[in-house]
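The numbers here are math on the coordinates, done by the rules we state, and not lab data. Since the model is a prediction, treat every value here as computed from it, not as a measurement. A quick note on method: Cβ atoms are made from the backbone with ideal geometry, for glycine too, and the neighbour counts reach across all protein chains shown.
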Amino acid sequence: MSDVMLQLKGVSSGYGAIEALRGIDMSVTRGEIVTLIGANGAGKSTTLRNITGLVPATAGEIVFEGKRLNGMPAHEIVKLGISMVPEGRQIFANLSVAENLDMGAYLQKDKAEIARQLERVYTLFPRLAERRKQLGGTLSGGEQQMLAIGRAMMARPRLLLLDEPSLGLAPILVKTILSAMDEINREGTTILLVEQNANAALKHSHRGYVLETGSIVMEGRSSDLAADPRVKEAYLGEK
Amino acid sequence: METFLQQLVNGISQGSAYALIALGYTMVYGVLRLINFAHSDVYMFGAFMGYYIANSTLGLALGPSIPGAILVMVGSMALCACLGILIERFAYRPGRSPSPFTLSFWFGILGAGFGQLLGGTLVSVALGALAGAVLGFVLEKVGLKPKPQSSHLKLLIIAIGVSFFLENGGQQVFGADPKFFPQIIPNRSIDVGGVSLDTQKLTVLGVALLLMILLNVVVHYTKTGKAMRAVSFNLDTAKLMGINTDRIIAFTFALGSALAGAGGILVTLMYPRIDPLMGIMPGLKAFVAAVLGGIGNITGAMIGGLIIGLAEVMAVGYGQSTYRDAIAFVILVLILLLKPTGIMGKGMVEKV
């Protein structure tokens, strides 16, 4: 556990008077899939938005590979090697599939490397290759999720943040998406996965944190969390 | 029939000038969801810059010629682009996310105004500006910071303020009296089947068409153009791609303002009388054109501009010239009643 990639120390955040995060501590080690589970409104998305710089942390420190991210504009943070698949996919509906992927590679300069990465994305999601000329807005929910992940991968991130990738997808598609995530991880990308679908998230991750009303209430190996009676009752619908 | 064809030619020339101005409204609306009321004053600024360039030593030496016209056109567009960037940087961006020295800047302007009122000399203006800037700096230091909260209403009010600032500033700097734009292209007229085509109208048509084609190429085939479209779809998601959205927004202002500058020159080719308030009416009509086409939609702005130009010229040609300015607003009322999203506009999905 020495190679800590991302560390959050006492991070708080909020929107106006509403406090969404109350001093959370967490870390992600290189090569891991770490999941952050919790109910709606627990502060999961805010955590990711703090890391990516879309919403400023009001207290605490966020460190990525030794660099302090607090106060950095979002587009600079992408440059450091962090990409996010936002909640609700946020595909550019007015751009084609290929153009969406182009935007993912916005900061990449090396044309050959962009082409290689594009090949990788199309291999991972052959469906995208079939629809490369189609407008993003015309894709189905599952395809949009593939595109959102593919687009994030075009930036060749070392850390990939996924915000509720299973939201609104049929179970079979959830499986496809999470298997693709596993594949991306095997190829060397570290992953922080935010999910409401705790069951699937714990199956597909190494470690997990449980977030409740802005505080981390449990953490540990995913298999241990999945076996914990409290987690079972609150998040896995078992008694 | 000949009259109709003649009116058609006139209407298309007039309409393509409106279209150029409408593009600026629509592009800025696309990236910021803001009606940039100062846009019509950028158009005015473009006409004045053209006037000064044409009357400069170099401009006079070139006279009414193609290189002369290009100099006036390109120079004015470049200066308008700079003005657009300045407006974005010092008025709208602080309204979205305040930066240091914003208060200093605006208190400085206020101070300059007081200096003008009290002393009326260059020294008093400069002293006023300095005092204002210092006051703004001190206020910011003691904690009177502009609030970072961005709202459409705030930006809209800033837009109206900038517009007043430019119109009144224009009257101060350029003088309130109308000026007459010199001839910058050789004037010739050819008769095609009873329809008179003069070099002015042909220039307006040709230049407008060329600029619109160029704009389409930029928006659809360049990386920056794609980024503009990404920003107009969703600002936060664009940031996640590593797009410096502030820079793209500034670029959009520059592009839109350059087109407004071109519009200013082209209109003065047809109507050479210029004054600091000349932007108001064409600006409003171009805004109507942008709404008619579907605000935020580039093709829509071009179509809307043509329709407004044609409707106006036809109304004058076949009706009464007193209705000239009314026709655009009748169209506005109709479009708002019948298809509020405009010709090319799709129903806006409210973001949650």
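Under the simplified labelling scheme, the A:Leu107-B:Ala176 pair shows an inter-label distance of 5.4 nm, with each label point 7 Å from Cα along Cα→Cβ. For chain B, a Gaussian network of Cα nodes joined below 10 Å ranks B:Ile265, B:Ile160, B:Ile21 by mean-square fluctuation, and the top entry is B:Ile160. 3J(HN,Hα) along region A:184-198, derived from phi through the Karplus expression 6.51 cos²θ - 1.76 cosθ + 1.60 where θ = phi - 60°, amounts to 4, 5, 4, 6, x, 9, 6, 10, 10, 10, 9, 8, 8, 7, 4 Hz, with x in place of Gly and Pro. Helix B:245-270 and the long axis of chain B differ in direction by around 40°, with both axes built from C-alpha atoms. A simple spin-label model places the labels of B:Asp236 and B:Val218 3.0 nm from each other, with each point 7 Å out along Cα-to-Cβ.
Of all DSSP bridge pairs formed entirely within chain A, close to 55 percent run antiparallel. A Förster radius of 41 Å, combined with the Cβ-Cβ distance separating B:Leu130 from B:Leu202, puts the computed FRET efficiency at roughly 0.20. Taking A:Asn50, A:Asn199, A:Asn100 in turn, the Gaussian network model of chain A (Cα-Cα springs below 10 Å) assigns the largest fluctuation to A:Asn199. Helix-only mean residue ellipticity at 222 nm, chain A, DSSP H runs n ≥ 4 weighted -39,500 (n - 2.57), per residue, nearest 500. What is it? The helix-only estimate for chain A comes to -11000 deg cm²/dmol at 222 nm. A DSSP coil position with no more than 13 other Cβ atoms inside 10 Å describes the following GluC sites (Glu not before Pro) in region A:168-239: A:Glu187, A:Glu238. Rounded to the nearest whole Hz, the Karplus-based 3J(HN,Hα) values (6.51 cos²θ - 1.76 cosθ + 1.60, θ = phi - 60°) of region B:322-339 follow the sequence 5, 8, 3, 7, 6, 4, 4, 7, 4, 4, 4, 4, 4, 5, 5, 6, 8, 9, with x at glycine and proline. For chain B, the longest principal axis of the alpha carbon atoms and the long axis of helix B:102-118 meet at an angle near 80°. When the trypsin sites (Lys or Arg not before Pro) in region A:43-138 are filtered for DSSP coil states and for at most 13 other beta-carbon atoms within 10 Å of their beta-carbon, the remaining sites are A:Lys109, A:Lys133. Could you work out the local net charge near A:Leu159, counting Lys and Arg as +1, Asp and Glu as -1, over the other residues with Cβ closer than 13 Å to its Cβ? Summing Lys and Arg as +1 and Asp and Glu as -1 gives +2.
Which of the three applies to region B:99-146, rounded, prolate or oblate, going by the alpha-carbon gyration tensor with a ≥ b ≥ c and a/c under 1.5 meaning rounded?
Prolate is the answer for region B:99-146, as a/c is 1.5 or above and a/b outweighs b/c.
Rounded to the nearest 500, the helix-only mean residue ellipticity at 222 nm of chain B stands at -24000 deg cm²/dmol, with each DSSP H run of n ≥ 4 adding -39,500 (n - 2.57). Rounded, prolate or oblate: which fits chain B when a ≥ b ≥ c are the square roots of the eigenvalues of the alpha-carbon gyration tensor, with rounded for a/c under 1.5 and prolate only if a/b beats b/c? Taking the square roots of the gyration eigenvalues as a ≥ b ≥ c, chain B is oblate.
Axis of helix A:141-153 versus longest Cα principal axis of chain A: the two differ by about 90°, to the nearest ten degrees.
Prolate is the label for the protein assembly as shown, because the ratio a/c of its alpha-carbon gyration tensor axes (a ≥ b ≥ c) is 1.5 or higher and a/b is greater than b/c. The B:Ser189 and B:Tyr52 beta-carbon pair, evaluated with R₀ = 22 Å, returns a calculated FRET efficiency of approximately 0.20.
Between region A:185-239 and region B:1-73, the alpha-carbon centres lie 61 Å apart.
The order of A:Met26, A:Met154, going from fewest to most other C-beta atoms within 10 Å of their C-beta, is A:Met26, A:Met154.
Which order do B:His152, A:His75, A:His206, B:His39 fall in if you start with the one that has the fewest other Cβ atoms within 10 Å?
B:His152, A:His206, A:His75, B:His39
Sequentially through region B:46-60, phi angles give Karplus couplings (6.51, -1.76, 1.60; θ = phi - 60°) of x, 5, 5, 4, x, 4, 5, 5, 5, 8, 6, 4, 5, x, 5 Hz, Gly and Pro residues having no value and appearing as x.
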